[in-house]
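The values are calculated or read from the model by the stated rules, or taken from the named source; none is laboratory data. Predicted model only: the values in this text are computed from it and were never measured. Cβ atoms come from the backbone with ideal geometry, glycine included; neighbour counts cover every protein chain shown. With ligands, DNA and RNA removed, areas are computed over all heavy atoms of the protein, side chains included. Shrake-Rupley method; radii C 1.70, N 1.55, O 1.52, S 1.80 Å.
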Amino acid sequence: MATYTVQAGDTLGKIAKKFYGDARRFSLIVSANLIANPDQLTVGEELIIPDVPTSASGEPAPAGMPSFAVTTAVAAASPTAKLNEQRLAQVHPLLAIRGRCMIELCAYTGIAVLVTQGLRSWEEQDALYAKGRTVPPIGKKHIVTKAKGGQSYHNFGLAFDIVVLDAVGKADWDVDHPGWEKAGELGKSVGLDWGGDWKSFKDLPHFQYTGGMTLEECRELFPSGLPAIWSEVS
Ligand SMILES: [Zn+2]
């Protein structure tokens with residue numbers, strides 16, 4: 001990551017061209033600096049120039065800090081981005097900002113992801129737990145979670161799930177799709193925990209940000225409401 005001081009006559013396109021060789025990459029700078037109006041730069045303003053995420057070839061992801069936010073222009077552009085934003089709006093802001101950052105980094109490596117769910121009620125969690133166990137089809141391969149209600153960070157707005165989209169924007173659940181690994185890597189680079197790293201139950205779609213809270217602590221505070229839990233998350 002580099003920094004750059006805005007000079008007279010600069011535009012984001014020019015700066016993107018200078019650092020990335022491609023003016024179209026200006027949205028990386030927009031998101032890293034929370035720029036509200038990309039047409040209005042202030043001379044002397046210091047900008048963060050994030051590293052360009054590398055392709056899905058396995059090169060290291062940039063170790064960026066989660067100072068990204070979704071660019072409003074991008075969010076408004078596609079139905080996927082709108083859904084992502086709707087779902088991220090329901091989770092803890094510190095998780096949401098990391099999620100937006102991850103999605104943006106994924107986009108720059110050519111991987112489109114859809115956030116399938118963020119916040120999940122205990123009832124929904126119990127229903128999910130029943131899949132493959134008591135709700136047919138029964139069988140290990142139909143089990144989708146090892147967490148009952150109150151045992152998942154989703155229940156406290158501290159997790160979200162994604163799916164990688166194929167070229168026509170359709171969910172691709174193939175576990176061998178390289179996009180999972182790449183998304184996991186990029187998610188971790190912005191401070192998320194990835195379910196793909198779990199030993200007992202690999203949960204490729206799952207990302208969480210616990211902010212130091214254990215599930216037990218979350219459950220204890222739950223009767224006081226989500227804000228009580230969220231205020232403890234740092
Ligand atoms: Zn999950």
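Derived scalar couplings between HN and Hα for segment 182-188 equal 5, 4, x, 5, 5, x, 5 Hz in order, rounded to whole Hz, by the Karplus curve 6.51 cos²θ - 1.76 cosθ + 1.60 (θ = phi - 60°), x for Gly and Pro.
Computed over the chain with a Gaussian network model linking Cα atoms closer than 10 Å, the most mobile of V52, V115, V91 is V52. Across the options Y4, I49, Q125, the greatest Cα extent toward the positive end of the charge dipole of the chain (unit charges at beta carbon of Lys, Arg, Asp, Glu) belongs to Q125. Residues W194, W122 ordered from highest to lowest accessible area at a 1.4 Å probe: W122, W194.
Amide H contacts for H206 (H built 1.01 Å from N in the peptide plane; partners 5 or more residues away or on another chain; cut-off under 5 Å): I162, G195, G196. Against the longest alpha carbon principal axis of the chain, how many degrees, from 0 to 90 and to the nearest 10, is the axis of helix 93-108 turned? Tilt relative to the chain: about 60 degrees.
With the simple spin-label model, which puts each label point 7 Å out from Cα in the Cβ direction, the A167 to T134 separation comes to 4.5 nm. What you get for segment 70-230, charging only the Cβ of Lys and Arg (+1) and of Asp and Glu (-1), is a dipole of about 260 debye around the Cα centre. Amide H to amide H, with H built 1.01 Å from N, L47 comes under 5 Å of Y4, T5, V6, counting only residues 5 or more places away or on other chains. Under 17 Å from the Cα of K131, which lysines turn up, not counting those fewer than eight places away in the same chain? Of all the lysines, those that pass the test against K131 - Cα under 17 Å, at least 8 places apart if same chain - are K140, K141, K146, K148, K202. Taking all protein chains together and rolling a 1.4 Å probe, S27 ends up with roughly 20 Å² accessible.
Hey, with R₀ at 35 Å, roughly what FRET efficiency would Q40 and D197 work out to, going by the Cβ-Cβ distance, to 0.05?
On the way: r = 41 Å, r/R0 = 1.18.
The calculated FRET efficiency here is 0.25.
Does segment 138-184 classify as rounded, prolate or oblate by the C-alpha gyration tensor (a ≥ b ≥ c root eigenvalues; a/c under 1.5 gives rounded; else a/b over b/c gives prolate, otherwise oblate)? Walk me through the numbers on the way to the answer.
On the way: a/c = 2.46, a/b = 1.50, b/c = 1.64.
It comes out oblate by the Cα gyration axes.
With N the number of residues in the chain, Rg(Cα) / (2.2 N^0.38 Å) evaluates to 1.09.
Computed per residue of the chain from DSSP H runs no shorter than four, each worth -39500 (n - 2.57), the mean residue ellipticity at 222 nm is -10000 deg cm²/dmol.
Pairs K18/K182; K17/K199; K14/K188: which exceed 32 Å Cα-Cα?
K17/K199
Positive-end ranking of T80, V233, V30 along the dipole of the chain, with charges on Cβ about the Cα centre, is headed by T80.
Before anything else, pin down the relative contact order of the chain: Cα pairs under 8 Å, at least 6 apart, normalised by residue count, whole percent.
16 percent
Amide hydrogen proximity for G157: with H placed 1.01 Å from N in the peptide plane, the residues at 5 or more positions away or on another chain lying under 5 Å are R120. Taken one residue at a time, the phi angles of segment 161-174 give Karplus couplings (6.51, -1.76, 1.60, θ = phi - 60°) of 10, 10, 9, 7, 9, 7, 4, 9, x, 9, 4, 10, 8, 4 Hz. Gly and Pro are set to x.
Max-minus-min Cα coordinates of segment 1-52 on each principal axis give 23, 19, 18 Å, with the largest extent listed first.
If you place +1 on the Cβ of every Lys and Arg, -1 on the Cβ of every Asp and Glu, and leave all else neutral, what size is the dipole of segment 1-52 about its Cα centre, to the nearest 20 Debye?
Its charge dipole is roughly 200 debye.
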